[in-house]
Amino acid sequence: MRVTGWLLDLFTHEESAGIVLWVIGEDGKRYRFEHSFPVTFYAAGSSPELRALWKFLRAEPEASN
């Protein structure tokens, strides 16, 4: 499906760990799209900084999938 139009909204979808995109098509209709959007990040720093980050992340509750 190809839709041409204007971006209405974009937000995270907590239950599917993805994003939801709303578009208003040139035909005036609203379209909702979902897409899985896994997030990966990398960290750089000195050994003490990385250790502090590790401790911080370990203390955070895990997200349920």
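Give the stretch 1-26 a look and list any residue that's over 21 Å from VAL39 (Cβ atoms) and surrounded by fewer than 10 Cβ atoms within 10 Å (Cβ to Cβ), or say none. Of everything in the stretch 1-26, those that are over 21 Å from VAL39 (Cβ atoms) and surrounded by fewer than 10 Cβ atoms within 10 Å (Cβ to Cβ) turn out to be MET1, ARG2, THR4, TRP6. For SER47, the requirement of being within 23 Å of GLU62 (Cα to Cα), of a type in the set (S, T, N, Q) and either modelled with pLDDT of 95 or more or surrounded by 13 or more Cβ atoms within 10 Å (Cβ to Cβ) (or both) is not met.
Would you say ARG32 is among the basic types (Lys, Arg), surrounded by 10 or more Cβ atoms within 10 Å (Cβ to Cβ) and not in a helix (DSSP H, G or I)? Yes, satisfied.
The values are calculated or read from the model by the stated rules, or taken from the named source; none is laboratory data. Treat the numbers as computed from the prediction; the structure is a model and nothing was measured. So basically every Cβ, Gly included, is an ideal-geometry build from the backbone, and we count neighbours across all protein chains shown.
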